[in-house]
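**Q** Got a structure for you, written out below as structure tokens; questions coming shortly.
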Amino acid sequence: MVSDPPDPVIMGVINVTPDSFSDGGEWLDPAAAIAHGRELVAQGAAIVDVGGESTRPGAKPVTQQEELRRVVPVLEGLADAGARLSIDTSKATVAAAALDAGATIVNDVTALRGDAEMAALVAERGCDLVLMHMLGEPRTMQDAPRYDDVVAEVRAFLAERMRLALAHGVAAERIWLDPGIGFGKTIDHNLELLARLEEIVALGRPVVVGTSRKSFLGTIMGGREPRERVPGTIATNVLALARGASVFRVHDVAEARDALLVAAATLRGRWTAPTTTSTTTTSTTTSTTTTGSKPS
Ligand code: HH2
């Protein structure tokens, strides 16, 4: 366990897709997605991550045109929402349009393997970059994934992708790392990665953790639907914070924000009063990133 945890940064999720595993179809209408994004900011999200293609096992690939049509209006509508915007894509053209629309973070679940143009784009624009580990590709990744030592292999992969990004001119301080919970991993793989997260943190860059509502939580809890997995999401986020993770990608921002504020204070043995109070209502409050500094 790290002695003093990082200031937790909440990355709220909006999937502008018909088929995402937990919120598919909910935010396909741009106005609904924008309102939801504003609500996530009011609840304490310092970052809003917008995605237009589901990565769940078996999800259908989406064309570039369709992905652009889904995400660009939502990013434009959130440009003044008071949070940083992240684009969850592996296509360089989508990332470029998203950066033009106000995003400053590219969240690439393929870690620059999906599009040969992505590394140069990120280097040129000087944005932040999330490199995530995935074994194989979404369609097949959950077909009996195997590792000799999952943590050592994920760590080596992330170190290699970081070297590649650096070689393309991405600045080291722009890179964040993510073990890719649920991406080509069994329940035991996910748990081992979370238990030994310090080994990923030791690579020296901010670590992003995305356990939110994922199926391994539902299975451990004896069969829970995605919306019933919030307690499991919180448990894994709090323990990941204790092990040095700094960015928490979640659907349920209000719950994660409160839990992580208290967890950080408890781990430190001291607290500071939030400058603003988060709220679960959208309209009146603009408040919010009370959870501390952002990785830079
Ligand atoms: N998980 C998902 C998508 N993008 N990005 C990062 N960096 N880390 C993650 O763990 C991660 C991610 C999958 O979750 P979700 O977006 O809710 O579902 P879907 O891919 O079905 O849209």
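**Q** May I ask you to verify whether residue 265 is of a type outside the set (Phe, Trp, Tyr), out of contact with any helix residue (DSSP H, G or I) (no Cβ under 9 Å at 6 or more places or on another chain) and open to solvent by 10 Å² or more (accessible area, probe 1.4 Å)? Walk me through how you get there before you give the answer.
**A** Values: of a type outside the set (Phe, Trp, Tyr): yes; out of contact with any helix residue (DSSP H, G or I) (no Cβ under 9 Å at 6 or more places or on another chain): yes; open to solvent by 10 Å² or more (accessible area, probe 1.4 Å): yes.
So residue 265 fits the description; yes.
**Q** Let me ask you something else. So, in the stretch 219-261, exactly how many residues are over 25 Å from residue 36 (Cβ atoms) and open to solvent by 20 Å² or more (accessible area, probe 1.4 Å)?
**A** Residues in the stretch 219-261 being over 25 Å from residue 36 (Cβ atoms) and open to solvent by 20 Å² or more (accessible area, probe 1.4 Å): 7 in total.
**Q** Consider residue 141 against the criteria (1) open to solvent by 50 Å² or more (accessible area, probe 1.4 Å); (2) part of a loop (DSSP other than H, G, I, E, B): it satisfies all of them except one. Which criterion is unmet?
**A** (1)
**Q** While we're looking at this one, here's another question. Check residue 256 against each of (1) part of a loop (DSSP other than H, G, I, E, B); (2) within 14 Å of the chain's Cα centre (by Cα); (3) among the aliphatic types (A, V, I, L, M) and name the one condition it does not meet.
**A** It fails just one condition, (1).
**Q** Please work out which residue is farthest from the ligand (Cβ to nearest atom), limiting yourself to the stretch 43-70 and to residues that are open to solvent by less than 10 Å² (accessible area, probe 1.4 Å), under 13 Å from residue 95 (Cα atoms) and out of contact with any Lys or Arg (no Cβ under 7 Å at 6 or more places or on another chain).
**A** In this case the residue turns out to be 50.
**Q** Within the stretch 156-185, how many residues are part of a helix (DSSP H, G or I) and within 16 Å of the ligand (Cβ to nearest atom)?
**A** If we filter the stretch 156-185 for residues that are part of a helix (DSSP H, G or I), which is where we start, we get 156-167, 172-174.
When the remaining residues are screened for being within 16 Å of the ligand (Cβ to nearest atom), the result is 157-158, 161-162, 165, 174.
Final tally of qualifying residues: 6.
**Q** Only one of these conditions is not met by residue 90: (1) among the small types (Gly, Ala, Ser); (2) within 30 Å of residue 167 (Cβ to Cβ); (3) in a helix (DSSP H, G or I). Which number is it?
**A** All conditions are met except number (3).
**Q** Among the residues of the stretch 220-234, write down those that are more than 16 Å from the ligand (Cβ to nearest atom) and either under 15 Å from the mean Cα position of the chain (by Cα) or among the small types (Gly, Ala, Ser) (or both). Please lay out each step first, then the result.
**A** Step one: list which residues in the stretch 220-234 are more than 16 Å from the ligand (Cβ to nearest atom), which gives 220-223, 231.
Of everything in the stretch 220-234, those that are more than 16 Å from the ligand (Cβ to nearest atom) and either under 15 Å from the mean Cα position of the chain (by Cα) or among the small types (Gly, Ala, Ser) (or both) turn out to be 222, 223.
**Q** Can you tell me which residue in the stretch 188-219 is farthest from the ligand (Cβ to nearest atom), limited to those that are under 23 Å from residue 15 (Cβ atoms) and over 18 Å from the mean Cα position of the chain (by Cα)?
**A** Across the stretch 188-219, the extreme among qualifying residues is 219.
**Q** When you go through (1) under 30 Å from residue 254 (Cβ atoms); (2) within 18 Å of the chain's Cα centre (by Cα); (3) among the small types (Gly, Ala, Ser); (4) open to solvent by 30 Å² or more (accessible area, probe 1.4 Å) one by one for residue 25, which number turns out not to apply?
**A** (2)
The values are calculated or read from the model by the stated rules, or taken from the named source; none is laboratory data. What you see is a predicted model; the values in this text were computed from it and never measured. Using ideal geometry, Cβ is built from the backbone for each residue, glycine included, and neighbour counts are taken over all protein chains shown. Quick note on the areas: whole protein, heavy atoms, side chains included, nothing else; ligands and nucleic acids left out. Shrake-Rupley method; radii C 1.70, N 1.55, O 1.52, S 1.80 Å.
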